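Data block below; observations after.
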Amino acid sequence: MSWDISKMGDWKAEDFPRGAVIPDAGNSRDYVTGGWRSQRPCRDDAKCTQCLLCWIYCPDSAVDVEDEKVTNFNLEHCKGCGVCANQCPSDAITMVPEGCELPEVK
Ligand code: SF4
Ligand code: SF4
């Protein structure tokens, strides 16, 4: 997903909803933040010990977990902050620039 920024110079504040508004508890899933991302996390399953620290620390709840195991990253909401990669004790997460080939996972 990417945003069309070709006419960015013409953008006006009234074209966008007001930011940082939390009208209801748990409404972060209503805001798609993946368009902010310039890097994405890539997890090496061979290094991952399934400690779930990335899931705990992700500020956007963008780490998908099934049966108590990390399965993927939700790129609709992952904004590429790199917190998961910084917190991972096993160096299992690499941040890679958007648009480049994902590194081969061993
Ligand atoms: S890069 Fe940031 S938003 Fe994306 S999964 Fe990691 S901690 Fe969450
Ligand atoms: S923090 Fe690292 S080792 Fe722990 S579940 Fe996430 S990717 Fe796997």
*Go through (1) in contact with a Phe, Trp or Tyr (Cβ under 6 Å, 6 or more places away or on another chain); (2) within 16 Å of ligand 2 (Cβ to nearest atom) and name the single condition K79 misses.*
(2)
*Out of the residues in the stretch 35-74 that are in contact with a Lys or Arg (Cβ under 7 Å, 6 or more places away or on another chain) and open to solvent by 70 Å² or more (accessible area, probe 1.4 Å), state the one that is farthest from ligand 2 (Cβ to nearest atom).*
W36
*If we only count strands (runs of 3 or more DSSP E) wholly inside the stretch 21-93, which ones have 1 or more residues that are among the aromatic types (F, W, Y)?*
69-73
*With the checklist (1) assigned to a loop (DSSP other than H, G, I, E, B); (2) surrounded by 10 or more Cβ atoms within 10 Å (Cβ to Cβ); (3) of a type in the set (D, E) in hand, flag the one item D4 doesn't pass.*
(2)
*Can you name every residue in the stretch 75-84 that is of a type in the set (G, A, S) and surrounded by fewer than 18 Cβ atoms within 10 Å (Cβ to Cβ)?*
G82
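The values are calculated or read from the model by the stated rules, or taken from the named source; none is laboratory data. As the structure is a prediction and not an experimental result, all values here were calculated from the model. Don't worry about glycine lacking a Cβ; one is built from the backbone with ideal geometry, like all the others, and counts go over all protein chains shown. Quick note on the areas: whole protein, heavy atoms, side chains included, nothing else; ligands and nucleic acids left out. Shrake-Rupley method; radii C 1.70, N 1.55, O 1.52, S 1.80 Å.
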